[in-house]
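Let me begin by presenting the structure, written as structure tokens, before commenting on it.
Where a number appears in this text, it was derived from the coordinates with a stated rule and is not lab data. All figures in this text were calculated on a predicted structure; none of them were measured in a lab. Positions of Cβ are generated from backbone atoms using ideal geometry, with glycine treated the same way; all protein chains shown enter the neighbour counts.
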Amino acid sequence: MKRLICILLAVFALILSGIAGAQAKTLRVVGEFYDLPKAMQWYKDWVKLHPRDELKVNTSIYPTYQNAEDLIKALEAKKGKYSVMRIQSVYADWEQVRDSGLLVDLSGSEQLTSYVGRMYSVFQEMVYKDGKLTGVPCASCVDWAGLCCNPECWEKAGYGTEDVPTCFLELLDFLEKWAERNEAEPTGISLMQTYLFVNFARDSYTDWLSRFYVDQYVNQCLRQGEKPVFNTPEAITILKKIAWIGEALYECDSKVPRTEIQWETEGEYGFHTSWLLEDGMYGSYIIPCRVTKDAPVIYPVHMEILCIPQNAPERELALEFVEHYIQHVNDAIPSDDMSYETRDYLEWKSQLLTDAEATDSYREMVSHMEYSHRNYEIPYAQKIQKAISKFAAGSISAEELVVIIDESITAGLGSDNPGD
């Protein structure tokens, strides 16, 4: 009996040691996931695969790290408590983070290299550094897909495809004539869906056009390896033209008949009108993203990238999570391999392919897609936006605005300024 008890105690000790050896792990993930993670299939499947481990998802990496410099400093100080980070290039300069040498090389994973290998080259180039895979794109968006003309209202107003502006300066000329036309004889068509503006007011169009111009010119210069400079007679003239055109457009749209619409949530409401221009792309009605006609067409793309810090706890589990997550990607990453496009995208694609003109237009846009290179960090971008709002409201002049823009861009781009 004593011998049996000893054997049972020994077995029990082995069981306890086995349990201790398989202690639960905690995997911390940070980043913007939009939907509630616990409601997503990738989360539910992960929990089933790892019932003993705890998955903590912080869905707001910002303002944890306001910019790339803050993020890199945290990684250098080995204070990183997250095993996986989902970084949005619209907020933090991905190139700075990638080049820091503080991210795990993921090229040892055949699943991840195969996944990235089927993407368009613009995505591959931005995540590989010296042959190392520093991150995995898991979502993307065109920062500004340009403008397009609403075909129905465009034709109703008597315009054809030959009247579509081919650059921002042509758009300004068109808007000037559109305002003059509506002042003389109202068309009953607003320029845009004015309920999309948070508070449609006298300065709305000036504000919007100014931002559009600044963004396009910055992207155009950075793509060509040049430093954006706005304190020039040409830029000041353009901004002054934007100011009085914006005022005229507001006067026109204020006279367009509106139908009040009620949103289903939170009691919000707006006004529906017939509109001439909108975001997006429709066949031959796209207004390309470029300031002048001789500039290249650019569609700036932002990425969301999954990466693992060098000092990440539970690195093996982190790699397994990244491999798991990409199997559940909801956003279609543009890819040369049609079988790679996700289910949510296939229905839209089948509709697109029935319209030859729209298909050609889409493929043409993709051919001009380019990752948004070194942009100014968020604090400086915010300073520019505030200055533009003051300009639109008439609080500062065009001459004052360009000084603020140039100072902010210089500070935001830092020592790697193109053209320096």
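A few remarks follow.
- Extension gain (nm, one decimal) between N231 and V403, 0.36 nm per residue minus Cα-Cα: 61.3 nm
- Lysines with Cα under 26 Å of K56, excluding same-chain neighbours fewer than 8 positions away: K25, K38, K44, K48, K73, K78, K79, K81
- Gain upon complete extension [Q385, D130; 0.36 nm per residue less C-alpha separation]: 88.2 nm
- Modelled this way, with points 7 Å down the Cα-to-C-beta line, the labels at A184 and L49 are 6.6 nm from one another.
- Among the listed pairs K240/K386; K156/K177; K240/K293; K177/K255; K129/K293, a Cα-Cα separation exceeding 23 Å is found for K129/K293.
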